[in-house]
Amino acid sequence: MTETAIAHPAGDGRPVSPGAGAPPGTPPALELAGVHKAFDGKPALIDAGFTLRRGEVHALVGENGAGKSTLMNVATGVYAADAGRELVDGELVRIRGPVDAAAAGLGMVHQHFRLVPRFTVAENVRLALGRRAGSPAAAAALVAAKAEKIGFPVRPDARVADLSVAERQRAEILKVLLLGARVLILDEPTAVLTEQESDALLAFTARLATQGGSVVLITHKLREVAARADRVTVMRQGRTVLDGAPIASVSSAEVARLAVGATVAPVARPRRAPGGPALTVDGLAHRRDDGGVTLDGLTLSLREGEVLGLAGVGGNGQSELVACLAGLAAPRAGSVALAGRDITTASPAARRDLGLRVVPADRFAFGLIRGFSVADNLALAALRRGRYGAPFGVARRRIRRDAEAAIRDHEIHGAAPGRSTGLLSGGNAQKVLLARELDDAVRVLVAHSPTRGLDVRAAQAVQAAIAAAAERGVACLLISEDLEELMALSARIAVINRGRIVGEMPVEDASAAALGALMVGHA
Amino acid sequence: MLDGLVITRRFDTPTWLLALVFLAGIAAGLAMATALLVAIGVPASALFNEVIGEAFMTASGLAQTLTFATPLICVGLSAAVALRLRFWNIGIEGQLWLGALGATAVALGDVGPEATRLPLMLVAAALAGAAWIALPLVLKLRLGVSEVISTLLLGSIAFLFAQHLLFGAWRDPATGFPISLAFDASERLAALGFGRTHLGLPIALAAALLVWFLVDVTRLGFYGRAVGENIEAARAAGVPVIAVTCAFVLLSGALSGLAGGLIVAGTEHRMSLTLGAGYTFSGIVIAFLGRFRPLATVVVAVIIGGVFTASDVFKVFYGISEAVVVLLQGLVLFGVLVAQFFGAYRISRANWGASA
């Protein structure tokens, strides 16, 4: 079973050239038709369809929330659809879960990998394959042989926790292939990768296709589509709006128009001349509880009205930097000063009083409270300043009025003051958080991946809010893995790698290649 | 047939559905409780008379129910206050023992003038209860020790401490039984003239009002909700997380301690080793059934008090064991918790594979 992981459609192992797909008459590797799926009455998929040929790389494109991942989760049995049908190699199938999916030769690599961090790669494979993997030594040999065969460097005895994100992804792909996947579905595979790592991955998918495998690339990055896919399917608001067009037959502008439904104007970079020093970080050092170094003498400074972009591959200390700046983690060494005042050991409350505001990467980690109403989330920080009355009461009516104003001013769709914040879409939840953090007293904004997971329009609104804040004189530290976003908004871009700043340049001198080299460099 | 069913998470559960699910859960729990009682020999025809009739409809039964309810209100509030912060106080009994010991110490030691003796006993009870939960609180805040283990084990230590005193210094010298001397008249809460009910009932109701004010009206209550829902988000938003946690948890301990004080000063009039058993479980059941709302807790406590009264009747007339009382409470809680699933998820029929 495992040895036939990548099937050769012609039976003789003869490579099939990409784009050509399988010989005519071969049934599609995967076909979904008339798929409906609603979550609590809200439709996520409406008559969605998708057809994947043998031996092709097929891009599935759309904005966040368009239904791409949902459709593939239906295909692999993670979600049960309300209606529709699914055919694998022309056979009607009913996939109820991961076991059925593996048996049908469908393998999906999710954005959050399904690996046990404390296990080695080989142990993870044994866990997935069960008895078929054989002894520990046999499993390790299996991994090594497969890695060799597909030209994919993966060490079987490496602990997953010690691997980089790219290496974990390779381990996950390998595991899925060993499980017998002939159709490989990759959900936003390049979101966590650098430019160079993305190129390597996409080259691998092309190779896999020439060997007869079929690959679905779920993505919202159009550039990747143009470069690497054979065909493209576009989804918008739960519907398939372009069904499997050859990539050469559509322009990327056409794909973008189909995906978004309208064009969105790019946000202009703030042009304000920077003022005095706002945030100074000097030699900041931090370690995880297990002793791993996360920040290693990080130094940066930020002036009023300036957007400083901080580029870097995720997991190089960005989260720890944000936690240290927010006052939620204690640095081992170094100092943080806000407008000349040392706040290295100040409480989060004291930092807020000085005008520091933080938008974390995970909105619901230490930004918003999921179970709180929109109004309560908006009011939470201002209660201390006495805006809503004395400690023995809470001015509910005023909270409500303020919330109504914020919802109107920030165009938070689907929100009402009393509505639970967890029910909002990612973009609108982010607007709630920004509405609270960009209040009248904000002086420094630290925003970590503020547009991650947002669709084009919501991302544009968030970027516009940051740019407008900078124009008002707010100093913004924009931490992001999205180089386009960084280059669009920042005046300067610094690169964080292994907990230190490894380079900094004015945006005029910055290029994706230069930044990418610093991001993955081992200097 | 079952695999044609699809389970989906509800985003928004309407209030009427929550209420329906809650009532259906109670009904299912009561049905299971009825089946249990019938199975162990209580005639079904007697059930209504014993539970509703005896516990609520007769004057003596209702008085007994309210007497049972008095400490139950306090332990229910104690559990509810702690659980609002997601702090699992499994040591309610321990704090209750300490509260009873504190009140007894003041009474036996004749501390202060007679006029202030009773208030002092109750204050001592509350403080002793708060002190007993302070240790798990500090361990959690400083070292991240799970309060589930520390409060639970400190409960056993509290009981051993009570044993130590009652088999030692406080043993009744006349009989040699492990009970303290009876309190003087000035150390007993005045009877209300309705069965064995005493001044503790209005005190417990006042405590419920005070807790309601603190957790539902004040800024502290707002902060408490934030800390319970997402402690990191609360901290980042400038909420004084440590102070809020201390306030809620110490209040929880004080309420359990007060329950112990009300039992010794109101009904037992002496310290004994049987007065505290089972209150942790009852407190948590009451808090869950009352959905952590202070005023609902009062209502549920009275209902559970009725179950206690009815159980006494069962014990006398049908030889039902003490454990059945715990089982009855557990079944009702079980019913409500399982029913919550139907509030959180929608179940529908699938139409997959049909030709489109």
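The values are calculated or read from the model by the stated rules, or taken from the named source; none is laboratory data. What you see is a predicted model; the values in this text were computed from it and never measured. Don't worry about glycine lacking a Cβ; one is built from the backbone with ideal geometry, like all the others, and counts go over all protein chains shown.
Output the residue which, of all residues in segment A:26-52 that are surrounded by fewer than 24 Cβ atoms within 10 Å (Cβ to Cβ) and away from every other protein chain (no Cβ under 13 Å), is farthest from A:ALA458 (Cα to Cα).
Looking at the filtered set, the residue picked out is A:THR26.
Just to confirm my filter: which strands (runs of 3 or more DSSP E) fall fully inside segment A:149-237 and include at least 1 residues that are polar (S, T, N, Q)?
A:214-219, A:231-236
Condition check: farther than 18 Å from A:PRO189 by Cβ, more than 14 Å from chain B (Cβ to nearest Cβ) and not acidic (Asp, Glu). Does A:ALA80 satisfy that? Please lay out each step first, then the result.
Details: farther than 18 Å from A:PRO189 by Cβ: yes; more than 14 Å from chain B (Cβ to nearest Cβ): no; not acidic (Asp, Glu): yes.
Here the answer is no, as A:ALA80 does not meet what is asked.
Looking at A:LEU258, is it modelled with pLDDT under 90, surrounded by fewer than 20 Cβ atoms within 10 Å (Cβ to Cβ) and within 28 Å of A:ARG457 (Cα to Cα)?
Yes, satisfied.
A:LEU193: out of contact with any Ser or Thr (no Cβ under 7 Å at 6 or more places or on another chain), crowded, with 17+ Cβ neighbours inside 10 Å, more than 25 Å from A:ASN497 (Cα to Cα) and in contact (Cβ under 8 Å) with a residue 12 or more places away in the chain, yes or no?
Judged against the criteria, A:LEU193 is not a match.
Of the residues in segment A:331-359, how many are touching a strand residue (DSSP E or B) at 6+ places or on another chain (Cβ under 8 Å), of a type outside the set (Lys, Arg) and not in a strand (DSSP E or B)?
7
Output the residues belonging to segment A:304-363 that are closer than 25 Å to A:ALA514 by Cβ, more than 14 Å from every other protein chain (Cβ to nearest Cβ) and β-branched (Val, Ile, Thr).
Answer for segment A:304-363, where residues must be closer than 25 Å to A:ALA514 by Cβ, more than 14 Å from every other protein chain (Cβ to nearest Cβ) and β-branched (Val, Ile, Thr): A:VAL307, A:VAL313.
Looking for something small (Gly, Ala, Ser) and facing another protein chain (nearest Cβ under 9 Å) - is there at least one such residue anywhere in segment A:400-418? Before the answer, list the steps.
Step one: filter segment A:400-418 for residues small (Gly, Ala, Ser), giving A:403, A:405-406, A:414-416, A:418.
Now drop any that are not facing another protein chain (nearest Cβ under 9 Å), which leaves none.
No.
Can you name every residue in segment B:11-38 that is part of a helix (DSSP H, G or I) and within 14 Å of another protein chain (Cβ to nearest Cβ)?
Listed by number, the residues that qualify are B:THR15, B:LEU17, B:LEU18.
Let's see how each residue does on (1) assigned to a loop (DSSP other than H, G, I, E, B); (2) within 14 Å of chain A (Cβ to nearest Cβ); (3) at pLDDT below 95:
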{"position": "B:THR175", "(1), (2), (3)": "yes, no, yes"}
{"position": "B:SER180", "(1), (2), (3)": "yes, no, yes"}
{"position": "B:GLY193", "(1), (2), (3)": "yes, no, yes"}
{"position": "B:ALA206", "(1), (2), (3)": "no, no, no"}
{"position": "B:TYR223", "(1), (2), (3)": "no, yes, no"}
{"position": "B:ALA234", "(1), (2), (3)": "no, yes, no"}
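Take the residues in segment A:285-311 that are of a type in the set (Gly, Ala, Ser) and modelled with pLDDT under 90, then tell me which one is surrounded by the fewest Cβ atoms within 10 Å (Cβ to Cβ).
Across segment A:285-311, the extreme among qualifying residues is A:GLY291.
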